[in-house]
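Have a look at the structure below, then the notes.
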């Protein structure tokens, strides 16, 4: 397949989830015409002086995966919470983009990836001359954390499919399972509008640790003892597990290449997903 970028510059403004600050993104085509911009998915921190502001997406640049997918460069310049953006890039087939960002985290928007998808559609697309090969899984790959009951398995498959199971010891949210072929139309219809979520008892802890300062019922589902505290309720009865599929698509795209395979995840999260990407990279890149 050909590498692909966006067709024109577009902007996105929103609140960062953890610091609660307004963040501006300027999304630019990355078509190779500027030799100072590397190939691939590239961020430039516009608020950084005296250090290299360029942070490229690569699985070797990941760090601190407890609450999101975060990357940094050799000067320790960081970009946080990139998973929803990467998820939207992945299903849109965008391999190359240059993002100017005014802070250290992406805006959370409504907690899903649909706003990014819409911006990409507004910008249009430009096919590049160079080719990119998908990562084709030819034999099983397994990462397991048996003590925590967390697993990710990659199997050979003619396409891209994800099967995901979540399981929480909670009065409202227990086990959910969802499986879908990852195509653009399926993603937009079934996955893209599914929001990030947290339990109500986590909120005080997060805020005391200067996290989720921008979180609200406008950009996340907050789960109380008897269900969501959001007045509008859920967008899908199983929105929680669908959002986890949204996340893992983004986490896998730190490889910078599409995947051909069937990913089966049980109680996985950003850290476990990163272990799987590292195993895939070691075998295929």
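The values are calculated or read from the model by the stated rules, or taken from the named source; none is laboratory data. Note that the coordinates shown come from a computational prediction; the quantities given were computed from them, not determined experimentally. Neighbour counts are summed over all protein chains in view; Cβ atoms, including those assigned to glycine, are modelled from backbone coordinates with ideal geometry.
Details
- Tally of residues being closer than 30 Å to residue 93 by Cβ and in contact with a helix residue (DSSP H, G or I) (Cβ under 8 Å, 6 or more places away or on another chain) across region 184-228: 12
- The lone criterion from (1) surrounded by 15 or more Cβ atoms within 10 Å (Cβ to Cβ); (2) free of Cβ contacts under 8 Å to residues at least 60 places away in the same chain; (3) part of a loop (DSSP other than H, G, I, E, B) left unmet by residue 212 is number (2).
- Of all the listed residues (68, 50), the sole one being in a loop (DSSP other than H, G, I, E, B), in contact with a helix residue (DSSP H, G or I) (Cβ under 7 Å, 6 or more places away or on another chain) and under 20 Å from residue 102 (Cβ atoms) is 68.
- Residue within region 11-26 that is crowded, with 19+ Cβ neighbours inside 10 Å, in contact with a helix residue (DSSP H, G or I) (Cβ under 7 Å, 6 or more places away or on another chain), within 24 Å of residue 75 (Cβ to Cβ) and not assigned by TED's automatic domain parsing to the domain that holds residue 253 present: no
- Sole residue being under 19 Å from residue 65 (Cβ atoms) and not assigned by TED's automatic domain parsing to the domain that holds residue 225, chosen from 127, 122, 83, 100: 83
- Residue list for region 1-33, filter: assigned to a loop (DSSP other than H, G, I, E, B), more than 14 Å from residue 116 (Cα to Cα) and touching a residue at least 40 places away in the same chain (Cβ under 8 Å): 1, 7, 8, 17, 18, 19, 20, 21, 30, 31, 32
- Residue tally, condition over 23 Å from the mean Cα position of the chain (by Cα) and either surrounded by 14 or more Cβ atoms within 10 Å (Cβ to Cβ) or under 18 Å from residue 279 (Cβ atoms) (or both), over region 128-155: 5
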